[in-house]
1. Place +1 on the Cβ of every Lys and Arg and -1 on the Cβ of every Asp and Glu in region 2-187, take the dipole about the Cα centre, and give the residue among Trp119, Ile145, Ile170 whose Cα lies farthest towards its positive end.
2. Which of the chymotrypsin sites (Phe, Trp or Tyr not before Pro) found in region 2-106 are loop residues per DSSP with 15 or fewer other Cβ atoms within 10 Å of their Cβ?
3. Using a simple spin-label model with points 7 Å from Cα along the Cα→Cβ vector, what separation in nm is obtained for Asn38 and Leu149?
4. Write down the Å³ per residue value for the convex hull defined by the alpha carbon atoms of region 1-85.
5. So if we plug the beta-carbon distance of Val172 and Leu123 into 1/(1 + (r/R0)^6) with R0 = 22 Å, what FRET efficiency do we get, rounded to 0.05?
6. With point charges of +1 on the Cβ of Lys and Arg and -1 on the Cβ of Asp and Glu, referenced to the Cα centre of region 2-187, which listed residue (Leu87, Leu29, Ala6) lies farthest in the positive direction of the dipole?
7. Under the rule of at least 5 residues apart or a separate chain, name every residue whose amide H is placed under 5 Å from the amide H of Leu29.
8. Can you give the extra length, in nm with one decimal, that the chain gains between Lys51 and Phe131 once fully stretched, where that is 0.36 nm per residue apart less the Cα-Cα distance?
Amino acid sequence: MMLPVALVVLAYLLGSISSAVVVCRLLGLPDPRTQGSNNPGATNVLRIGGKKAAAITLLGDSLKGLIPMLAGHLFGAGPSLLAAIGLAAFLGHLYPVFFGFRGGKGVATALGVQFGLWWPIGLTVAAIWLFVAKVLKISSLSALICMALAPLIVWSFWPEPVLVGAQILISVLLFWRHRSNIAKLMSGEESRLVPPDDD
């Protein structure tokens, strides 16, 4: 029983490391929680720090979801434990114990969890995000669309109820964290995905 508990706890702790805050501190940039959209995520880091900082943040947030899932596979975790590990990593990003439980919105970490569950799942979700982002150039809308479809994608590749249920919960939480973006989308005020002028 100790190994499953340890994997879940470690997943949450790894998820609690805010890549955006750490990257901005290392690069001498403003705290993303106090600039732009005030969200510690890659899109906000793109706005305040440019492509390089955003790419590093995106990679860090994705690895927070990917690494715990790969560890679960390494130790022979079944669907229920994999679901718990993925949820723990995602919740760590949303509510990080190291940063006053003030985290990001979870898109990159959720994608890392999906890649770690099984790479075709992550690849399909990522492809949808990229397609929508290229066409509409609105990061939040791209995230909402791909994560709304994610439970169906998980079911298509791995029809295990506990995994689909975990993805539904992740998607619901992600939508909740994007409620301000949804309001802006409905009013036509949501910002588009463009790099800073000086980048």
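1. Sorting the options by dipole projection puts first Ile145.
2. Phe75, Phe101
3. 3.3
4. Measuring per residue, one finds 91 Å³ for the Cα hull of region 1-85.
5. On the way: r = 23 Å, r/R0 = 1.04.
Result of the calculation: an efficiency of 0.45.
6. Final value for the positive-end residue is Leu29.
7. Those lying under 5 Å, H to H, from Leu29: there are none.
8. Net length gain for the segment: 26.9 nm.
Every number in this text was worked out from the coordinates using simple rules, so none of it is lab data. No experiment lies behind these values; they were computed from the predicted model shown. Backbone-built Cβ (ideal geometry, glycine too); neighbour counts: all protein chains shown.
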